[in-house]
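Visitor: Below are the structure tokens for one structure; questions will follow.
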Amino acid sequence: MPLDVQNFALTRPAGLPATRSPCSDAEIDAALTEAFGAEFPEPADGASLLRRTQERGGAVRFVRAAGGACAGAAGCSAPAEGTAELAGVGTRPAYRRRGVAAAVTSALAGVLFERGAESVWLEPTGDGSRRVYERVGFRPAGIRLYMRPPAPLP
């Protein structure tokens with residue numbers, strides 16, 4: 001289903017924290033692990049993965065807390081066929097409900113539009129994240145299809 005991006009508008013709600021480029025490698029790895037609740041094993045190369053994202057034309061943004069710690073972050077792929085994927089939006093538990101996810105989402109979408117992306121997509125993990133993304137201008141559109149193999153592949 002084609003997406004009519006002319007009906008969408010990126011917004012930056014007032015009062016969001018400022019975003020910055022990445023922090024130190026060790027801080028990035030610690031923040032990723034904490035933000036995602038140790039759902040994933042500690043990323044041994046999380047920082048280098050994010051660096052490669054930027055080197056390949058994507059973008060990464062962080063929000064620093066008042067004391068300088070990394071409060072949250074997200075990354076966005078380089079556009080392919082005019083579309084970029086925004087993913088890995090994570091906020092450390094101590095900094096949630098302060099606009100961190102909205103700040104990095106809005107900043108990254110803006111950066112990719114400035115670089116020529118015609119659209120940016122993401123997939124919310126639930127109603128809470130969906131509301132954050134809609135607040136900065138994302139709207140539901142299209143249909144995604146998934147497939148799983150009937151048995152493990154050899």
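Visitor: For region 107-154 and region 49-71, what is the separation of their Cα centres, given in Å?
Guide: 19 Å
Visitor: What nm distance separates the two modelled labels at Asp127 and Ala151, each placed 7 Å from Cα along Cα→Cβ?
Guide: The two pseudo-label positions are separated by 4.1 nm.
Throughout, read-outs are computed from the coordinates displayed, never taken from laboratory work. Quantities reported herein were computed from a predicted structural model and do not represent experimental measurements. Reconstructed Cβ throughout: ideal geometry from the backbone, glycine too, with neighbour counts over all protein chains shown.
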